[in-house]
Amino acid sequence: GDVAVLVPAAGAGLRLGPGGPKALRLLAGEPLLVHAVRRVAASPSVRLIVIAAPATEVEAVRTLLTPVAPVTVVAGGAERQESVALALAAVPPEIGIVLVHDAARALTPPDVIESVAAAVREGSPAVIPVLPVVDTIKEVSADDTVLGTVDRSVLRSVQTPQGFRRDVLVAAHATAADSLTDDAGLVEKAGIPVTCVPGSDMAMKITRPLDLFLAEALLGSPQ
Ligand code: CTP
Ligand code: MG
């Protein structure tokens, strides 16, 4: 493999409700992070996996992942962007392709990881997996009056892993001022083209309690 995958996993999981850091919450009896790392490690492109763990759980995460795959574990930060930057600092300079993949997208298939890596390898400086938007989207005013209907055909929902040429991601993080919810946002602000590849329903983000039920059902369904 020629790719490093950074796995931000240091979030609290507040929207999931009480129960500890989200990456360590159980899905079908195993922590979300174990599901995620197992799929990352199954991707032939992957040479290095760096986890940004909750600061108090670094040793616990090392122990948890030892039987799953060889990984580097660092302490994450207060914001997702900081966790990504801390994990990025652990990537040796000879690795030229870096993917950033949320532990919360625990069921993302190795196929998606491979297609993102391949698109970067083929020359795209930044690559994101996307899906069409299924809902009708309205723009509304501050007092909840509809201003208009957005043309859904030009919109995409964005997943992870997001893939980058290493220098592009490093430069984006070096200049990042305000925090964004994804890494490609940092890159597109710098005027660098970001390419879309097809995402997957399996790459859904586990955010609210309902998502845990959906993920458990997806795990049991033929894939
Ligand atoms: N993340 C991180 N460091 C942070 C915040 C988030 O590494 N300081 C990671 C999360 O662990 C998750 C991913 O970024 O894998 C996406 O974040 P999100 O889904 O928002 O997870 P949480 O921040 O844990 O959830 P919440 O916002 O509900 O607290
Ligand atoms: Mg969050």
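The residue of the stretch 1-25 that is modelled with the highest pLDDT, among those that are away from ligand 1 (no atom under 15 Å from the Cβ) and surrounded by fewer than 23 Cβ atoms within 10 Å (Cβ to Cβ), is ASP2. Evaluation of GLU59 against the conditions (1) more than 16 Å from ligand 2 (Cβ to nearest atom); (2) in a loop (DSSP other than H, G, I, E, B) shows that the sole unmet condition is (2).
For the stretch 5-22, the condition of being in contact (Cβ under 8 Å) with a residue 60 or more places away in the chain, in contact with a His (Cβ under 6 Å, 6 or more places away or on another chain), within 16 Å of ligand 2 (Cβ to nearest atom) and not in a loop (DSSP other than H, G, I, E, B) holds for at least one residue. Scanning the stretch 62-79 for residues that are within 14 Å of ligand 1 (Cβ to nearest atom), of a type outside the set (Val, Ile, Thr) and not in a loop (DSSP other than H, G, I, E, B) turns up just one, ALA75. Restricting the stretch 74-92 to residues that are more than 16 Å from the chain's Cα centre (by Cα) and away from ligand 2 (no atom under 16 Å from the Cβ), which is nearest to HIS173 (Cα to Cα)? Out of the qualifying residues, it is ALA89.
Conditions (1) among the β-branched types (Val, Ile, Thr); (2) more than 11 Å from ligand 1 (Cβ to nearest atom); (3) in contact with a strand residue (DSSP E or B) (Cβ under 6 Å, 6 or more places away or on another chain), marked per residue:
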residue: ALA36; (1), (2), (3): no, no, no
residue: SER43; (1), (2), (3): no, yes, no
residue: ALA53; (1), (2), (3): no, no, yes
residue: ALA60; (1), (2), (3): no, yes, no
residue: VAL98; (1), (2), (3): yes, yes, yes
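All of ALA190, ALA176, ALA203 fail the test of being of a type in the set (A, V, I, L, M, F, W, C) and without any contact (Cβ under 8 Å) to a residue 24 or more places away in the chain, apart from ALA190. Within the set THR181, THR175, the sole residue that is touching a helix residue (DSSP H, G or I) at 6+ places or on another chain (Cβ under 9 Å), within 19 Å of PRO8 (Cα to Cα), at pLDDT below 95 and surrounded by fewer than 12 Cβ atoms within 10 Å (Cβ to Cβ) turns out to be THR181.
The values are calculated or read from the model by the stated rules, or taken from the named source; none is laboratory data. From a predicted model like this one, the values you see are computed outputs, not experimental measurements. Cβ coordinates were reconstructed from backbone atoms using ideal geometry, including for glycine residues, and neighbour counts include every protein chain displayed.
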